[in-house]
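Undergrad: Quick one: this structure, given as structure tokens, is what I'll be asking you about.
The values are calculated or read from the model by the stated rules, or taken from the named source; none is laboratory data. A quick note: this is a predicted structure, and the numbers were derived from the prediction, not measured. When we count neighbours, we look across all protein chains shown, and the Cβ atoms used for this are built from the backbone with ideal geometry, even at glycine. Ligands, DNA and RNA are stripped out before the accessible areas are found, and what is left, the full protein with its side chains, is counted by its heavy atoms. Shrake-Rupley method; radii C 1.70, N 1.55, O 1.52, S 1.80 Å.
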Amino acid sequence: MNLTLKVWRQKNAEAKGKLVTYKAQAISPDMSFLEMLDVVNEDLIKKSEDPIHFDHDCREGICGSCSLHINGQPHGPKHAITTCQLHMRSFKDGETIVIEPWRASAFPVIKDLATDRGAFERIQQAGGFVSVNTGGVPDANDIPIPKVIADEAFNSATCIGCGACVAACKNASAMLFVSAKVSQLALLPQGQPERYRRVQAMVAQMDAEGFGNCTNTGACEAECPKEISLTNIARMNRDYLTAKIFKEEEV
Amino acid sequence: MSNFAQTFSSSLGKKLIMSLTGLFLCTFLVVHLIGNLQLFKDDGGQAFNAYSYFMTHFPPIKIISYLLYASIIIHAVYALVLTIGNKKARPVAYASYKGEANSPWTSRNMGILGTILLVFIVVHMSNFWAQYHWGELPYAKYEVSLTDPQDVKVTPIPFNASVAEPAHADYVDSQAGKKVLIAKDLYKIVNESFQQWWYVALYVIAMAAMSFHLIHGFRSAFQTLGWDNNKFVPLIRFLGVWVFGVLIPLGFAAMPLYFFFK
Ligand code: SF4
Ligand code: FES
């Protein structure tokens, strides 16, 4: 396959970036999107040009590092996969592909396509945990949890923190991510003691980071590689409003 | 900051305000539509004019109407504040952005639709509401026979600056065997306004905007409240699309069209 790439190149956080056109030649349809970029980068290195900077780590859809906005969609045109799981067979020979970094003031560009997603870490540090040591392994069924609840908590816990929800949202809102992290603990007995503090602290940190406000478009849910659902956002709203209006618990 | 101020300046607090004011405006639409159905009565405006007087003079309704004006303003102001925040959250726009691939058109255009509605509300209120309160309005006198309610005599009392404004009256004249109503003739103003094609067009366009605004807005308000219980979501979606997105806008749009083609 031969492709034309329009890639966002930006020297550093302060510099002004622009789209630069590259040719990707002799690409196998079985390559992943990141492997295709590796090929382009090898060419650039041979020509002693600066290779394209992009984040990646596991390359199997579990770490959430890869973060490319491809042809107007985070993680590209396919449903429920990350960029590293996207294959070149999803594109047509001769196609032009626009590749941009996540766009959000809370995710500043470090270089080219790599963004600083430290905002997510700080939201997690504000309350996305249970503050007691887990201790030894308890007996099975010591703490009864209905299967549906356990499954729901597990679904929420599959969020890999990639930030595609923010990237997809027209408001650059982080509510899908935050609500997944709130939900995975709010659903389980171990999360209860800190449930209402947690949601207040995490929402406050989310606001402080400068993410936008959800308008329930559902773009996040549609683009999330792990299919985190809007139900999580409703649950976060419910917990937050309960905490603020019906409970006395402060952060 | 107090806990209270903090709540309502947070993202979720602001959304709560949008949701509650929006739902309140939705309930108002239902009442407004049902009341205005009296425009379709072919009685020279008797029922409609009596209803207009009641709506502007019955104290509990007056209180609710002030709440309503406040809700419109708060809904618009908070929408503006939230939108500015959202624009700031993405200072550099995407060169390529495929919104249609992941979200419905209505949900991405609430601001534009809302702005059309706000302009409409201003025009609508200055033409009817402000006219009714402070304008130079004609009156109409309706005399209904007590024995035969079909026997109605309508006497228009045009506005005349040189004589005192007639007093509103609603009484039974048992000697003459008549029920008499003297009321401001808002019906006439409505009828005259809707003879202009561009005015009718404005109304129809605004109702189309309202339909799209509510198709997303109604269900969205419940999501914001965290009310996404599986038992109710289908009902909420049904009401949002068929009642608030179709039935109510159609009902309102039928009014100017009715007068235009009558
Ligand atoms: S919610 Fe989905 S899109 Fe958002 S960070 Fe988690 S995995 Fe990524
Ligand atoms: S590189 Fe780890 S999810 Fe893509």
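Undergrad: Considering only protein heavy atoms, with the full assembly of protein chains and a 1.4 angstrom probe, order B:155, B:7 by accessible area, largest first.
TA: B:155, B:7
Undergrad: Taking a ≥ b ≥ c as the square roots of the eigenvalues of the Cα gyration tensor of the stretch A:128-251, is the shape rounded (a/c under 1.5), prolate (a/b larger than b/c) or oblate?
TA: Oblate shape, in that a/c is at least 1.5 and b/c is the bigger or equal ratio.
Undergrad: Give me the distance between the Cα centres of the stretch B:167-242 and the stretch B:106-153, rounded to whole Å.
TA: 10 Å
Undergrad: How about residue B:188: which aspartates and glutamates have a C-alpha closer than 18 Å to its C-alpha, ignoring those fewer than 8 places off in the same chain?
TA: Counting by Cα, and skipping residues close in sequence, residue B:188 has these aspartates and glutamates nearby: B:42, B:43, B:136, B:143, B:165.
Undergrad: I would also like to ask the following. At 1.4 Å probe size, with no ligands or nucleic acids counted, give the accessible surface of residue B:124 in Å², nearest ten.
TA: So the heavy atoms of residue B:124 present about 50 Å² to solvent.
Undergrad: Compute for chains B and A the buried accessible surface, both sides summed, probe 1.4 Å, and express it in Å² to the nearest 100.
TA: Separately minus together, B and A give about 3400 Å² buried.
Undergrad: Continuing with this model, one more query. In Å², what does the accessible area per residue of the stretch A:118-250 work out to with a 1.4 Å probe?
TA: For the stretch A:118-250, the per-residue accessible area is 43 Å².
Undergrad: Then there is this: Kindly provide the trypsin sites (Lys or Arg not before Pro) of the stretch B:1-104 that DSSP labels as loop, not H, G, I, E or B, and whose Cβ sees at most 14 other Cβ atoms within 10 Å.
TA: B:41
Undergrad: For Cα pairs less than 8 Å apart in space and 6+ apart in sequence, what is the mean separation divided by the residue count of the stretch A:3-111, i.e. the relative contact order in percent?
TA: RCO, the stretch A:3-111: 34 percent.
Undergrad: Buried by at least 10 Å² relative to the chain on its own: which residues of the stretch A:67-100 qualify, computing accessible area with a 1.4 Å probe on protein heavy atoms?
TA: A:69, A:71, A:72, A:73, A:98, A:100
Undergrad: Taking the 0 to 90 degree range and rounding to the nearest ten, how far is the long axis of helix A:33-46 tilted relative to the main principal axis of chain A, both from C-alpha atoms?
TA: For A:33-46 against chain A, the angle is about 50 degrees.
Undergrad: Taking only Cα atoms, what is the 0 to 90° angle, nearest 10, from helix A:195-208's long axis to the longest principal axis of chain A?
TA: 40 degrees
Undergrad: Shape verdict for the stretch B:39-90, please, from the Cα gyration tensor: rounded (a/c under 1.5), prolate (a/b greater than b/c) or oblate.
TA: Taking the square roots of the gyration eigenvalues as a ≥ b ≥ c, the stretch B:39-90 is oblate.
Undergrad: Please give the residues from the stretch B:1-37 for which the solvent-accessible area of heavy atoms, probe 1.4 Å, is smaller by at least 30 Å² with all protein chains in place than with the chain isolated.
TA: With the partner chains in place, the stretch B:1-37 has these residues losing at least 30 Å²: B:3, B:7, B:10, B:11, B:12, B:15, B:16.
Undergrad: Continuing with this model, one more query. Relative to the compact-globule scaling 2.2 N^0.38 Å, provide the ratio for the alpha-carbon radius of gyration of the stretch A:26-113.
TA: That ratio works out to 1.07.
Undergrad: For the stretch A:3-111, what % of the accessible area comes from carbon and sulfur atoms, probe 1.4 Å?
TA: Carbon-and-sulfur percentage of accessible area, whole number: 50.
Undergrad: How much of the DSSP beta bridge set in chain A is antiparallel, as a percent to the nearest 5?
TA: 80 percent
Undergrad: Also, quick follow-up: Checking the cross-link filter: which aspartates and glutamates have an alpha carbon closer than 18 Å to that of residue A:78, excluding same-chain neighbours under 8 positions apart?
TA: Reachable aspartates and glutamates: A:30, A:35, A:60, A:93, A:95, A:100, A:221, A:223, A:227, B:100.
Undergrad: Could you list, in their original order, any pairs among A:247/B:15; A:147/B:14; A:11/A:47; A:6/A:170; B:179/B:262; A:23/A:170 whose Cα atoms are separated by more than 26 Å?
TA: A:147/B:14; B:179/B:262; A:23/A:170
Undergrad: Just to be sure I understand: of the beta bridges DSSP finds with both ends in the stretch A:3-111, what percent are antiparallel, rounded to 5?
TA: 75 percent
Undergrad: Let me ask something additional. Within 10 Å of each Cβ in peptide B:52-61, how many partner chain Cβ atoms are there on average? Round it to a whole number, please.
TA: Other-chain Cβ atoms within 10 Å of each residue's Cβ, averaged: 0.
Undergrad: Now, a different point. Cut-off 19 Å, label point 7 angstrom out along Cα-to-Cβ of residue A:248: give me the residues of the stretch A:183-223 whose amide nitrogen falls inside.
TA: A:193-198, A:200
Undergrad: Taking a ≥ b ≥ c as the square roots of the eigenvalues of the Cα gyration tensor of the protein assembly as shown, is the shape rounded (a/c under 1.5), prolate (a/b larger than b/c) or oblate?
TA: Prolate is the answer for the protein assembly as shown, as a/c is 1.5 or above and a/b outweighs b/c.
Undergrad: Compute the relative contact order of chain A as a whole-number percentage, counting only Cα pairs closer than 8 Å that sit 6 or more residues apart in sequence.
TA: Normalised by residue count, the contact order of chain A is 19 percent.
Undergrad: So if I take the centroid of the Cα atoms in the stretch A:150-207 and the same for the stretch A:45-94, what is the distance between those two points in Å?
TA: The two parts, judged by their Cα centres, are 25 Å apart.
Undergrad: For the stretch A:199-217, state which residues have at least 50 Å² less accessible area in the presence of all protein chains than in their chain by itself, taking the probe as 1.4 Å and leaving out ligands, DNA and RNA.
TA: The answer is A:213, A:216, A:217.
Undergrad: If you roll a 1.4 Å probe over chain B with all protein chains in place, what percent of the accessible area is carbon or sulfur?
TA: After summing per-atom areas, the C and S share lands at 70 percent.
Undergrad: Another question about this same structure. Using only helices, what value at 222 nm comes out for chain A when you add -39,500 (n - 2.57) per DSSP H run of length 4 or more and divide by the total residues, to the nearest 500 deg cm²/dmol?
TA: Mean residue ellipticity at 222 nm (helix-derived): -9500 deg cm²/dmol.
Undergrad: Across the stretch A:158-175, in residue order, what do the Karplus-derived ³J(HN,Hα) couplings come to in whole Hz, using 6.51 cos²θ - 1.76 cosθ + 1.60 with θ = phi - 60° and x for Gly and Pro?
TA: Going residue by residue, I get 6, 4, 9, x, 6, x, 5, 4, 5, 5, 7, 5, 5, 9, 6, 8, 9, 5 Hz, with x marking Gly and Pro.
Undergrad: Please list, ordered by chain and number, the residues whose modelled amide H lies under 5 Å from the amide H of residue B:170; skip anything fewer than 5 residues away on the same chain.
TA: Residues meeting the amide H criterion: B:182.
Undergrad: Follow-up. If exposed means no more than 16 neighbouring beta carbons inside 10 Å and the site is in a DSSP loop, what's the longest run of chain B without any exposed chymotrypsin sites (Phe, Trp or Tyr not before Pro)?
TA: Maximal segment without exposed cleavage sites: B:1-158.
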